[in-house]
1. Would you tally the residues in region 22-34 being in a loop (DSSP other than H, G, I, E, B) and free of Cβ contacts under 8 Å to residues at least 60 places away in the same chain?
2. Any residue at all in region 305-313 that's modelled with pLDDT of 95 or more and crowded, with 24+ Cβ neighbours inside 10 Å?
3. Restricting to region 165-223, and then to whatever is small (G, A, S) and part of a helix (DSSP H, G or I), can you tell me which residue is farthest from D261 (Cα to Cα)?
4. Would you point out which residue out of R15, R47 is in contact with an Asp or Glu (Cβ under 9 Å, 6 or more places away or on another chain), among the charged types (D, E, K, R), free of Cβ contacts under 8 Å to residues at least 60 places away in the same chain and surrounded by 21 or more Cβ atoms within 10 Å (Cβ to Cβ)?
5. Look at A530 and say whether it is touching an Asp or Glu at 6+ places or on another chain (Cβ under 7 Å), among the small types (G, A, S) and under 18 Å from R223 (Cα atoms).
6. Quick check: is even one residue across region 364-382 more than 17 Å from F293 (Cα to Cα) and among the hydroxyl-bearing types (S, T, Y)?
7. Take the residues of region 402-437 that are among the hydrophobic types (A, V, I, L, M, F, W, C) and not in a helix (DSSP H, G or I): which is modelled with the lowest pLDDT?
Amino acid sequence: MLFDFDRIPFSRADRFLTLSRMADGDGQRATWLRHVSGGDERPSLGRLCRLSFLDAEGRTIEPRYRLEPTRLIAETDGGEVEFVIGKGETLHIRGRSLGLLLELKGSRYDYAFRTPAGEDCVVASGENLKIRPVASGTALDVGGQWRRDHAEDVFVRFHPAPAWEGSLALFEVVPPVERPSSFDAARADAEADFADWLRRMPKARAGEEEVHRLACTLLWANRVPPRGLLTRPSIYMSKNWMINIWSWDNAFSALGVHRADPELAFDQFAAIFDHQHESGCLPDFVNDRHLLFAFTKPPVHGWAVRLIHEDNPAFLTPERRRYLARAIAAQVDYWLTHTRADEEGLPTYFHGNDSGWDNATFFAEGGPVMSPDLPVFLILACDTLADLLLDEPDAIDHYRQKAETLLTLLKEWLWDGEQFRARLLSDPDRALPGQSLVQFMPLLLGSRLSSSMKRSMMACLQEGGFITQRGLATESTQSPHYEADGYWRGPIWAPTTLLVWDGLRRQGETGLADEIARRFCRMAAENGLAENFDAQTGRGLRDPAFAWTSAAYLLLASSLGGGGT
């Protein structure tokens, strides 16, 4: 069962409001009402209230959960509580013979009070949020123990009743003027929204209907609205704990949604590029409250834009062309100006986080590192600028020349006669560990590789322990540095799978590309859409509800067409 609430949060498109199973302060898993703003560096991760369910005598009872894209049901043998998310940040609740207790687990100045209009209000000061509970058909208690300047043990309790409804409106300053709709109306609205989204997504492959539905759900439900530093609707990687947008992650999210919603796909690029530094550098990540320039991410955006354009030429409207031409040109200039000493050298990554392969073996000794993927991405970005985004002949020639110069430098610095090797800038004559999947990124260059280079690379890929029954390991399974749960030292990742898959296609190796896609899709159908996967068993690792994994699955499944496996 892939729709498992213990792993997959319950949320809705364009909402921060989320219900999740997470560990409490004692390490025990519990159900939480959350508001996933503020990013993943905060210890609370947006936790507001711990939820408990109450039987007819008021005793806590542990329910079974049933998760659907637009509804969460907690049920016991004697009753149930249903949740849907309505308009705005409002959680609608319906109970039958089962009550609900929400205990605020917040900060120094939390409290509860009753407004002059007679409405209850709970203030989660550390989260900068207020909650307005409303109930019908049951008793509603709201309270806490006042302690001089705050309240402790703040709670909201919906008492068990044969049939009752309630809602929780989350807001910052003043509550919504509009009164909450009925549970049925909120559910109908959510179902219509998701049905419209699903209708526009690619069709499911036979035998993979559940994982297809989960991928569509995650790309829908992981979305948050513009707020604070988030200038556009943005697809978070997850609403578990990866509650940011990262600079290369969202390029893959764009690939996953461009057919269903081209404007949303463009927004995934623009939400990052809107914060581009004057140097052309992109932030590592952005959320509604923070952005970080301590790191950046690899410049995959030109490649991603070109892939979308090849599939849907109408994507590049004149306005999007102008925006992306300026942004990608500035990005290229950043890497070529600020990450190398002169025009005779290759651009470098200063830290593994800049490469996106955070702890990969080619960063075992630190940086700066000359890695084969970086010049490849920049060559492809120059191609995109020359072929798709610019109309000026001088500018076209300028970027075509940059691409050719980078290609020459890539071959001179990193080709050792058998493979492309990462090298330390401080000691370029000494090759770094060479059993990382990163060495195959130059496959994306297509016919720019000589036939001998291609043959050598293909032999290494097929015989070097990279291809498992589940897909492409990021570190060869034959490597002494391989770790089954080693992040970028072994597990299968969706973005690198997609990059190598596209590289194989551009080398004419469509049979192997299809087989890689087939294995990845089969693994996802069995194990879900996690952040990464054990390369040998296929078990999902780390965050289990990931957007770019969903995007890659949909692209790879679509490339295989109908038919199941």
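1. Selection size over region 22-34: 3.
2. Yes, there is a match, as at least one residue in region 305-313 is modelled with pLDDT of 95 or more and crowded, with 24+ Cβ neighbours inside 10 Å.
3. A185
4. Going through R15, R47 in turn, just one is in contact with an Asp or Glu (Cβ under 9 Å, 6 or more places away or on another chain), among the charged types (D, E, K, R), free of Cβ contacts under 8 Å to residues at least 60 places away in the same chain and surrounded by 21 or more Cβ atoms within 10 Å (Cβ to Cβ): R47.
5. yes
6. So far as region 364-382 goes, yes, one or more of its residues are more than 17 Å from F293 (Cα to Cα) and among the hydroxyl-bearing types (S, T, Y).
7. Out of the qualifying residues, it is A431.
Let's see how each residue does on (1) in contact (Cβ under 8 Å) with a residue 24 or more places away in the chain; (2) outside the structural domain of V142 (by TED's automatic domain parsing); (3) charged (D, E, K, R); (4) more than 25 Å from L129 (Cα to Cα):
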| position | (1), (2), (3), (4) |
| --- | --- |
| R7 | yes, yes, yes, yes |
| V36 | yes, no, no, no |
| Y65 | yes, no, no, yes |
| E68 | yes, no, yes, yes |
| E75 | no, no, yes, yes |
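The values are calculated or read from the model by the stated rules, or taken from the named source; none is laboratory data. For clarity, every value in this text was computed on a predicted model and none was experimentally measured. All Cβ positions, glycine included, derive from the backbone under ideal geometry; neighbour counts span all protein chains shown.
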